[in-house]
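Q: I'd like to ask some things about the structure below.
The values are calculated or read from the model by the stated rules, or taken from the named source; none is laboratory data. Remember, it's a predicted structure, so these values are computed and weren't measured experimentally. Heads up: the accessible areas ignore ligands, DNA and RNA and are worked out on the full protein's heavy atoms, side chains in. Shrake-Rupley method; radii C 1.70, N 1.55, O 1.52, S 1.80 Å.
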Amino acid sequence: MRRPFLALALAAIGVVATSACATRQLARTVGRGRTEVGVLVGGPLQSNLGFAAPIPEHRVHGRYGLTDDLDLSASVPLAPIVSSILALDVGFVAQIVRFPRFAMSASLRLHCVYDLDDAWNDTYYPELGVHMEQRVERRVAIIAGTSALVQASPPDQRPGVFLAPYLGLEVLLGEHALSLALGWINPWMDGSSIVTWEPAGFGAMTVTFGWRIQPGGVR
């Protein structure tokens, strides 16, 4: 059986590295009865190779429109499975405002982490998010927002809330959308919990590439 502190460390790394850093484009709900699936690649920057590069990570995500203004959302990161950690999240995305060129939504998700080598030892983290989109022309949009992932019992000298603001660009191609986003985990912290590359010693930067598809066309 895995020692409790090691399981906790792996669980924390799995959640923070693959969840708080995952920049999903959620500013517009998909619409009643419609679906969306996608893949995210990238994560926190690290410098173990002698230069800053994102930690490789892959996340599969999807949404289903319960109403025109409310989506059911879920995702699964693939990397933690290698360490016998099953991490997933499930929640809702609610439309706040929606115009042809600007949209804003709020998300509420629960991250679930299961240690498969320790009798399915489980940990849960709630997350709140705000997501915005400004279309600068028909096929190009600026995306921005932030998420706040909460730890009820954080490890010693680690924050109870992980903030992850992001800013990026998305290109719309019919049913498909491609995005590139930069994020900053805990911009007020004088050091990162999981990576070694921090701008000016504060927090940790992330880089995320995304692809998503909405059959019938991206709204």
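Q: Multiply the residue separation of residue 96 and residue 209 by 0.36 nm, subtract the distance between their alpha-carbon atoms, and state the gained length in nm to one decimal.
A: On the way: separation 113, 0.36 × 113 = 40.68 nm, distance 2.54 nm.
So the chain would gain 38.1 nm between residue 96 and residue 209.
Q: With all protein chains present, calculate the accessible area of residue 117 using a 1.4 Å probe and round the result to the nearest 10 Å².
A: Residue 117 has an accessible surface of roughly 80 Å² with all protein chains in place.
Q: Same structure, new question: Of the heavy-atom accessible surface of segment 68-171 (probe 1.4 angstrom), what whole percent is carbon and sulfur? Provide the component values of the computation, followed by the final result.
A: Details: 3490 of 5200 Å².
That fraction is 67 percent.
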